[in-house]
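Working notes, structure below.
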Amino acid sequence: MKPKFSIMMSAIVLTLSVIIPTNAFATNSQPKAINEKLGVPIVVYGANLSDLERTTVKEALRVNEEPEVDEITVSGEDLVKYISNSNSSARMYSSAKITRQEEGKGLVISIVTPENITEVTSEMYANAMLTAGIEDASVEVAAPKPVTGHSALVGIYKAYEVKTGETLDTERTDVANDELSVATQIAENANISDEQIAALLTGIKQDIAELNPATREEVAQIVEDQLSKLQIELSEQDRQLLIDLMDRISKLDIDFTKLSDQLSDLTTTIEEKFNNVIHDEGFWNGVKNFFNNLINTISTWFK
């Protein structure tokens, strides 16, 4: 799907990743402290990793840099729990490290082995996680060999429940999985960039939150408007897939008031990514104005 360049979208080059400057001459660096309020990171391993692959994943996720971690495994049985009509015998390889953050910090998604996550991007993970009800977390995803990356999302669900003690709404996790599938399919079929599909999904959700559509026809109009704004052409089949997905999302019990800031952060990240990779000035100005309008709208929602 992706022109392996990298991100979310190889992202993942977007990552939504943070590079922390280090002092090359530091001799007495302080070890990481254990967060006694939010808990230690959880590392989720795909159940089908060999011992060698598990070691490779641990190195990629820098598990040895953490003072303590909780480690769990995600299997096909977990897949069935969170995603309807899934295969309990599915092989699971993609893995993740999840660190809970303070409320309001948002989602930071980093794919640390972009060459091995072939379909799912950082933005796709972030959008699906918000749909599923997960927020305020730092997530790193890794795989020891090329895989699509879908099992990492199931691992994130399991880790989130273990970490918070909360139970995710399985209807939302099921829709989030469909969102991931539709996003990857549309990006491939329409030959559009990861950043474009991320902008499309996020923009549609923002409009659903603002306009609160009551019918499928109203959802369809929102989808059409966003496709037009982002100059994306879809086949009729993909268009209907997207409308069906967004109609399901509009009917979920989602508190968009609570998610508005995190969705806004995601649109800002995608905008920055667009600015780096799209060189058509007219196209970029249209997208930039679109996101500016979204952010202005969000700021006035609940005044």
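Values computed for the structure shown
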{"item": "Separation of the Gln237 and Asn64 label points, Cα + 7 Å toward Cβ, nm", "result": "4.8 nm"}
{"item": "Ascending count of other beta-carbon atoms within 10 Å, so fewest first, for Glu166, Glu171", "result": "Glu166, Glu171"}
{"item": "Karplus 3J(HN,Hα) series, Hz, for the stretch 162-170 with 6.51 cos²θ - 1.76 cosθ + 1.60 (x for Gly, Pro)", "result": "5, 5, 9, x, 8, 10, 6, 6, 5"}
{"item": "³J(HN,Hα), Karplus 6.51/-1.76/1.60, whole Hz, each residue of the stretch 109-118, x for Gly, Pro", "result": "10, 10, 9, 8, 10, x, 5, 10, 9, 8"}
{"item": "Neighbour-count ranking [beta-carbon atoms within 10 angstrom, fewest first] of Arg216, Arg248, Arg172", "result": "Arg216, Arg248, Arg172"}
{"item": "Kirkwood-based shape ratio for the stretch 42-167, expressed as Rg/Rh from alpha carbons", "result": "0.93"}
{"item": "Assigned charges on the beta-carbon of Lys, Arg, Asp, Glu; the stretch 42-167 dipole about Cα centre (debye)", "result": "320 debye"}
{"item": "Ranked list, fewest to most other Cβ atoms within 10 Å of each Cβ, for Ser151, Ser50, Ser250", "result": "Ser50, Ser250, Ser151"}
{"item": "Difference of contour (0.36 nm per residue) and Cα-Cα distance, Glu36 to Thr170", "result": "45.3 nm"}
{"item": "³J(HN,Hα) computed for each position of the stretch 178-185 - Karplus, 6.51 cos²θ - 1.76 cosθ + 1.60, integer Hz, glycine/proline x", "result": "4, 4, 4, 5, 5, 4, 5, 5"}
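Computed from the coordinates by the stated procedures, all read-outs in this text should not be read as laboratory data. Not measured: the values here are computed from a predicted model. Using ideal geometry, Cβ is built from the backbone for each residue, glycine included, and neighbour counts are taken over all protein chains shown.
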